[in-house]
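Chemist: This is the structure, below, for whatever I ask next.
The values are calculated or read from the model by the stated rules, or taken from the named source; none is laboratory data. What you see is a predicted model, and the numbers here were worked out from it, not measured in a lab. All Cβ positions, glycine included, derive from the backbone under ideal geometry; neighbour counts span all protein chains shown. The accessibility values were calculated without ligands, DNA or RNA, using every heavy atom of the protein model including side chains. Shrake-Rupley method; radii C 1.70, N 1.55, O 1.52, S 1.80 Å.
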Amino acid sequence: MLTRIRNTTAVTMNASRDIVSPTDLWIEDRKIVAIGPYGHRPDRVIDGTDMVAIPGLVQPHIHLCQTLFRGLADDLSLLDWLEQRIWPLEAALDEDAMRVSAQLGIAELLAGGTTTILDMGSVNHTEHILNTMLQMGSRGYSGKCLMDRPNKFLMQSKDDAMQESYDLAHRWHGQDQGRVRYAPAPRFTLSASDALFEEARSLADAFHTVLHTHGAETRDEITEGIKLHRRPPVAHLFDLQILAPSAVIAHGVWMNADEENMVATSNAKLVHCPSSNLKLGSGFAPTVRWRQKGLIFGIAADGAPCNNLLDGFQEMRTAALLAKPVFGPTYLSAPEVFAHATIEGARVLGLEDEIGSLEVGKQADIVLLNFRGPHHQLWDMTPIYSQLVYQTHASDVYLTMVAGQILYENGRYTTLNLDEVKRTAREALLRVLRRAEMEALSSWMTT
């Protein structure tokens, strides 16, 4: 099928950062085949008048398994948040609850213009996340969360965890022409042993995929990491030779200068999660310094219980604003921030040749934004990146397309019955709360 998006403004994010208006985008066989005139008759026409076409947003750190827990873990610091709420809730997920949680998360992401994610699953039932990604049409990686250090909620032996990880990678990595991929995910150095990290790195190398972990998120993590390994977490990962071009580290808030240099030397990647870091009181990442050192990083929402949104546009705005009180108002400009949410996010995942920009030959992961609202008046007379970073809401998304397939259009999903999912979500959460023995929260849900 040949699709034409006509008369739109295309923010390409190509190497020249071309903005083309008005123009047409042509899509066939999952890819962009032309931008501008094309001497063929389309099978389908989408009117892009008064709309802006952008590459789908890339969020390289998401926890779909936690979407069901939105609003149930407020006002806690990270380690308490994990031990008191998140780990017991994740441990109580059953297969159906995991599926519903992933469906709710992907639905929110698609409606907000995010087309590609790097997701960290849980210790159990990660296959249902991968299958949901496949069925709903979104793009990205997910992987079983690896935790073999003793705790009373989530733990699995190294050998069992890695056997399951290899089985999942064999079944899922590269599904649907590479739209769905597998990524091993040792949680962080406090919950995964050195041997588990090393075997996860071997899996990533064997499948030419990324390794997904957390690092240097809070001061407490640094303190506990030094007690455990006599060095801070990111330095410890460097010593283990875990840091590599395929390694993706979420947060990085409290890396010291030496660790930042280690990330630069190894060409490992980082993910800035501004709203999550603020809500958990973790701090905020020195992204301007990262840019000055040439570190590659994306921007992401993290999980619903520590945000409580999965809105890529809100994360862009927050990232831009956070940098300015410390580094000055001229730093981390809107064009730079938008790049980190698109083409640089793709680079974090090693997908910059496939997605992250609107270019002929790339995958047709395209988002149409409706700029007819009052907060976008005279948008064609002001800088487009300012509009995108400081003024655009997730609710401005009119259409989301992945690999040429429309997944969301004007409030409706093509691969999901959202009303049905919402009906099943309440009972799924009640089951999880009861299984986790969180009677107070369960009672609150039923009132």
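Chemist: Looking at the chain only, what percent of DSSP beta bridges run antiparallel? Nearest 5 please.
Modeler: Approximately 45 percent, going by the DSSP bridge assignments.
Chemist: How large is the dipole of the chain about the Cα centre if only Lys and Arg carry +1 and Asp and Glu carry -1, each at its Cβ, rounded to the nearest 20 debye?
Modeler: On the way: 41 positive and 54 negative charges, 107 e Å.
Dipole size: approximately 520 debye.
Chemist: At 1.4 Å probe size, with every protein chain present, just tell me what the per residue accessible area of the stretch 242-373 comes to in Å². Can you show the working numbers first?
Modeler: Working: 3910 Å² over 132 residues.
Computed with neighbouring chains in place, this is 30 Å² per residue.
Chemist: Once you have the Cα-Cα distance between His40 and Ala206, take 0.36 nm times their residue separation minus that, and quote the gain in nm to one decimal.
Modeler: 55.5 nm
Chemist: Are there trypsin sites (Lys or Arg not before Pro) in the stretch 119-195 that DSSP puts in a loop and that have at most 13 other Cβ atoms within 10 Å, and which ones?
Modeler: Passing sites in the stretch 119-195 are Lys152.
Chemist: Over the stretch 1-160, give the accessible area per residue in Å² for a 1.4 Å probe, as an integer.
Modeler: 34 Å²
Chemist: Using alpha carbons only, how many degrees (0 to 90, rounded to 10) separate the axis of helix 418-435 from the longest principal axis of the chain?
Modeler: That works out to roughly 10 degrees.
Chemist: For the chain, modelled as a Gaussian network with Cα springs under 10 Å, which listed residue fluctuates most, Met120, Met133, Met162?
Modeler: The residue that fluctuates most here is Met162.
Chemist: Of Leu418, Leu368, Leu407, which is the most mobile in a GNM of the chain whose springs link Cα atoms less than 10 angstrom apart?
Modeler: Between Leu418, Leu368, Leu407, it is Leu418 that shows the largest mean-square fluctuation.
Chemist: How large is the helix-only mean residue ellipticity at 222 nm for the chain, computed as the sum of -39500 (n - 2.57) over DSSP H runs with n ≥ 4, divided by its residue count, in deg cm²/dmol to the nearest 500? Don't skip to the answer; put the middle values down first.
Modeler: On the way: 16 runs with 162 residues, N = 447.
It lands at -10500 deg cm²/dmol.
Chemist: Report the label-to-label distance for Tyr390 and Glu420 in nanometres (one decimal), using points 7 Å from each Cα along the Cα→Cβ vector.
Modeler: In this crude spin-label approximation the distance works out to 4.5 nm.
Chemist: Another question, if that's okay. Considering the chain as a Gaussian network with a 10 Å cut-off on Cα pairs, which listed residue, Leu79, Leu118, Leu309, attains the greatest mean-square fluctuation?
Modeler: With Cα springs under 10 Å in the chain, the top fluctuation among Leu79, Leu118, Leu309 is at Leu79.
Chemist: In percent, how large is the relative contact order of the stretch 268-329, given Cα pairs closer than 8 Å and 6 or more residues apart?
Modeler: Taking the mean separation of contacting Cα pairs over the length of the stretch 268-329, I get 38 percent.
Chemist: So if I take the alpha carbon set of the stretch 88-158, get Rg, then get Rh from the Kirkwood formula, what is the Rg over Rh ratio?
Modeler: 1.01
Chemist: Here's another thing I want to ask about it. For the stretch 220-225, what does the Karplus curve 6.51 cos²θ - 1.76 cosθ + 1.60, with θ = phi - 60°, yield as ³J(HN,Hα) per residue in whole Hz, taken in order and with x for Gly and Pro?
Modeler: For the stretch 220-225, the Karplus-derived couplings read 4, 4, 4, 4, 5, x Hz, x marking Gly and Pro.
Chemist: Could you point to the label whose value was computed as percent of Cα pairs over 44 Å apart for the structure here, given (i) 37; (ii) 17; (iii) 8?
Modeler: (iii)
Chemist: Please give every one of the lysines within straight-line cross-link reach of Lys279, meaning a C-alpha to C-alpha distance under 22 Å, and leave out same-chain neighbours fewer than 8 residues apart.
Modeler: Here the lysines satisfying the reach criterion relative to Lys279 are Lys324.
Chemist: Another question, if that's okay. Taking the Cα centre of each part, how many Å lie between the stretch 201-260 and the stretch 93-115?
Modeler: The distance from the Cα centre of the stretch 201-260 to that of the stretch 93-115 comes to 27 Å.
Chemist: Multiply the residue gap between Thr382 and Phe153 by 0.36 nm, knock off their C-alpha separation, and tell me the result in nm, one decimal place.
Modeler: 77.2 nm
Chemist: Okay, moving on. Carbon-plus-sulfur fraction of the accessible area of the stretch 237-296, 1.4 Å probe, in percent?
Modeler: 51 percent
Chemist: What angle, in degrees between 0 and 90 and rounded to the nearest 10, separates the Cα long axis of helix 194-207 from the longest principal axis of the Cα atoms of the chain?
Modeler: The helix 194-207 is inclined about 30 degrees to the chain.
Chemist: Where in the stretch 405-420 does the amide nitrogen come within less than 19 Å of the point 7 Å from the Cα of Asp47, taken along Cα to Cβ?
Modeler: From the stretch 405-420, the list is 409-412.
Chemist: Rounded to the nearest percent, how much of the accessible area of the stretch 1-145 (1.4 Å probe, protein heavy atoms only) is carbon and sulfur?
Modeler: 42 percent
Chemist: Same structure again: In whole percent, what relative contact order does the chain give with Cα contacts below 8 Å and a gap of six or more residues?
Modeler: RCO, the chain: 21 percent.
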